[in-house]
Amino acid sequence: MLAFRSEEHVQRWREQRCLAPGAVFSPEQMWRLAHEWYRDRLSPDWQRKTPEEAQALFEEIGLTGPFWRLRP
Amino acid sequence: MNDTRVRLHLYERFVADGRPPTAAETAEALGLPTEEAEAAYRRLEEGHVIVLAPGSTDVWMANPLSTVPTPFRVITDDGRSWWGNCVWDGFGVLAMVGADGLVSASCPDCGEPLELRVSGGELEPVDAVVHFAVPAARWWDNIGFT
């Protein structure tokens, strides 16, 4: 996942590489996701998130739709 | 049990030293046979906790940290620095160590520098967007490209 100046920059970069459209969202959503994903990584009690927990986190942050679906 | 000890040691050393310990170094630090530390590294990879360089037990990624330089440099306000694997992981490093700082990247399209700064535990407003190329269900098909 990469950070771009704007959606126009994403589109130009993607078209030059013949890549299908991905998902574009805000840096604020990215920060919230990264914070919840990694804040306890140094804890002895850390456990990898289950697909259900990850899906719930995506939805809480507003990352919804088929692109974000972890299971069919 | 050993896997938790190995994971914690690996991450703690990576954060402190800026590079992950080898399996032999972890074995020595924890009083384990080297073979057991190597097996633990492999189990951690199978569990999608870390990523090893192909054909070895050398750590490539201990997410969110990268052993090799990437376009995502993470610098804390107290002067520590690491590489993140991507913008998610760049932010993840700051979240993991609980520090303010910045993720220094650049727009892949125009090359213009992008500084994403976290201050007081919050992201400062920035004129940028984030792009994921690969749907979530397929991230681990090739974790080096998402």
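The values are calculated or read from the model by the stated rules, or taken from the named source; none is laboratory data. Being a predicted model, the structure only gives us computed values, none of them experimental. Neighbour counts are summed over all protein chains in view; Cβ atoms, including those assigned to glycine, are modelled from backbone coordinates with ideal geometry. Heavy atoms of the whole protein, side chains included, go into the accessibility calculation; ligands, DNA and RNA do not. Shrake-Rupley method; radii C 1.70, N 1.55, O 1.52, S 1.80 Å.
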| field | the range A:19-68 versus the range B:72-146: alpha-carbon centroid distance in Å | value | 14 Å
| field | q = 0.16 Å⁻¹: log10 I(q)/I(0) that the Debye formula gives for the protein assembly as shown, counting C-alpha atoms only | value | -1.12
| request: At most 13 other Cβ atoms within 10 Å and a DSSP loop assignment: could you name the chymotrypsin sites (Phe, Trp or Tyr not before Pro) in chain A that fit? | output: none
| request: Would you rank B:116, B:8 by solvent-accessible area, highest first, keeping every protein chain in place and using a 1.4 Å probe? | output: B:8, B:116
| query | Do the sum for the protein assembly as shown: with -39,500 (n - 2.57) for every DSSP H run of n ≥ 4, divided by all residues, what is the mean residue ellipticity at 222 nm, to the nearest 500 deg cm²/dmol? | reply | -11500 deg cm²/dmol
| field | Unit charges on C-beta of K, R, D, E only; dipole of the protein assembly as shown, Debye | value | 420 debye
| task | Multiply the residue separation of residue B:100 and residue B:19 by 0.36 nm, subtract the distance between their alpha-carbon atoms, and state the gained length in nm to one decimal. | result | 27.1 nm
| query | Any idea how far apart residue B:36 and residue A:16 come out in nm if each label point goes 7 Å out from Cα toward Cβ? | reply | 5.2 nm
| the range A:25-72: Rg/Rh from Cα coordinates, Kirkwood Rh? | 0.99
| Radius of gyration and Dmax for chain B's Cα atoms, expressed in Å? | 16.3, 51
